[in-house]
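Remarks on the structure that follows.
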Amino acid sequence: MEVNPPKQEHLLALKVMRLTKPTLFTNIPVTCEEKDLPGDLFNQLMRDDPSTVNGAEILMLGEMLTLPQNFGNIFLGETFSSYISVHNDSNQVVKDILVKADLQTSSQRLNLSASNAAVAELKPDCCIDDVIHHEVKEIGTHILVCAVSYTTQAGEKMYFRKFFKFQVLKPLDVKTKFYNAESDLSSVTDEVFLEAQIQNITTSPMFMEKVSLEPSIMYNVTELNSVSQAGECVSTFGSRAYLQPMDTRQYLYCLKPKKEFAEKAGIIKGVTVIGKLDIVWKTNLGERGRLQTSQLQRMAPGYGDVRLSLEAIPDTVNLEEPFHITCKITNCSSERTMDLVLEMCNTSSIHWCGISGRQLGKLHPSSSLCLALTLLSSVQGLQSISGLRLTDTFLKRTYEYDDIAQVCVVSSAIQVES
């Protein structure tokens, strides 16, 4: 008959506590009118309560702070802090105490101990304290493994460990959309607009301290989240940058290629990496969190071998009167020289002026040429400019360009009166 040996008791006790910010003490105010039966009794009790605010006793928030009563939630991007204490509960002197704290995630195991050196001895009723910090960068299950080894007075080596499992939650839901600017009338091409939608999916408000875009080496970024009022830059979200639970806020950025890359159409065409978002927020009593997205990628615009963009076009033109536009034609190929022929096809409302089928000459790889064209409209209203055709005589390939831009056509009489 086997008898299980009794569980050995250790001379040291291990305690682990998470360190978080306290919360404001809340109470439930109970009051009544003076003509009611209790009279001024409830009001006097609230005035005598030390946790209420003097002069504002009916507010739920008090002047005192409450220590955390449970483990609470841990969110991605926050700093996990924990207090580890090893206490000698025995009446013996313990030697060679080594305390080790590891954090096990789904992908790695991290050593969080401040020191890996053993403590020579620990007298009765004394303790070894340590505070560990770790910026949480993964969601999912985390296990804090605390191991303690020591030697008794009899020379026996002892060892035990404890496991503390917790979940790391996702604080924000980030969605991005890219918009490629097909043409730009300010002589800067290949602009990319990024719209970032950030939603607070926690149960408490957030103070959004910073939301910025760190561009890749090929781009410069301009934030479009503020307006100028009376010479001052004011946020479009107002003076209070709080994001309530389940609320969503949209941020907009404009990326322009740097000058040394903007001239190389073939390079910019293939760029898919735009940059990454850097988000910093604060929650309860200034507890800080930070989240950086991975590199944001867009679908490269399909310009093909030849790209046509508008450099200049009027906003409003007169009916049946010629107006001028300036087009820029770019050879996006990095290897092949093109011999191009321009054809202009009239539509029901837009009529081109000039010779169709003219030779534009040879266009070398990654080079461009500007072309001034004249046309007129026979129909009023907002008209779409279409009908340009470029033919590469080497490959006998034709590139069609419709809906290049839109122009407002008005009667000449209305234009004179205005």
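Data table
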quantity	calculated
Test for SER51: is it outside any strand (DSSP E or B), of a type in the set (Ser, Thr, Tyr), surrounded by 12 or more Cβ atoms within 10 Å (Cβ to Cβ) and more than 34 Å from the chain's Cα centre (by Cα)	yes
Residue ranges of strands (runs of 3 or more DSSP E) in the range 317-404 with at least 1 members among the hydrophobic types (A, V, I, L, M, F, W, C)	323-331, 338-344, 350-353, 358-363, 368-377, 381-385, 388-392
Scan of the range 310-336 for residues that are in contact (Cβ under 8 Å) with a residue 60 or more places away in the chain and of a type in the set (Asp, Glu), ordered by number	GLU311, ASP315, GLU320, GLU321
Of all residues in the range 6-48 being in a loop (DSSP other than H, G, I, E, B), open to solvent by 100 Å² or more (accessible area, probe 1.4 Å) and of a type in the set (A, V, I, L, M), the one that is farthest from PHE80 (Cα to Cα)	LEU37
Options SER212, SER204, SER216, SER149: the member that is more than 30 Å from ASP403 (Cβ to Cβ) and in contact with an Asp or Glu (Cβ under 6 Å, 6 or more places away or on another chain)	SER212
Test set (1) touching a helix residue (DSSP H, G or I) at 6+ places or on another chain (Cβ under 6 Å); (2) of a type outside the set (Phe, Trp, Tyr); (3) on the phi < 0 side of the Ramachandran plot - SER366 fails condition number	(3)
Filtered residues of the range 393-418 (kept if in contact with a Leu (Cβ under 6 Å, 6 or more places away or on another chain) and either modelled with pLDDT of 90 or more or under 15 Å from ASP305 (Cα atoms) (or both))	TYR399, TYR401, CYS408, VAL409
Conditions (1) out of contact with any Gly (no Cβ under 6 Å at 6 or more places or on another chain); (2) over 30 Å from VAL93 (Cα atoms); number of the one not met by MET17	(2)
Considering residues of the range 370-400 that are among the small types (Gly, Ala, Ser) and open to solvent by 40 Å² or more (accessible area, probe 1.4 Å) only, the residue farthest from ILE329 (Cα to Cα)	SER378
Unique residue being at pLDDT 90 or above and closer than 28 Å to ASN73 by Cβ when the list is LEU291, LEU285	LEU291
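Matching residues to (1) open to solvent by 50 Å² or more (accessible area, probe 1.4 Å); (2) not hydroxyl-bearing (Ser, Thr, Tyr):
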residue: LEU319; (1), (2): no, yes
residue: CYS327; (1), (2): no, yes
residue: ASN331; (1), (2): no, yes
residue: ARG336; (1), (2): yes, yes
residue: VAL341; (1), (2): no, yes
residue: SER368; (1), (2): yes, no
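The values are calculated or read from the model by the stated rules, or taken from the named source; none is laboratory data. Everything numeric in this text was worked out from a predicted model, so none of it was measured. Backbone-built Cβ (ideal geometry, glycine too); neighbour counts: all protein chains shown. Surface accessibility is based on the protein's heavy atoms, side chains included, excluding ligands, DNA and RNA. Shrake-Rupley method; radii C 1.70, N 1.55, O 1.52, S 1.80 Å.
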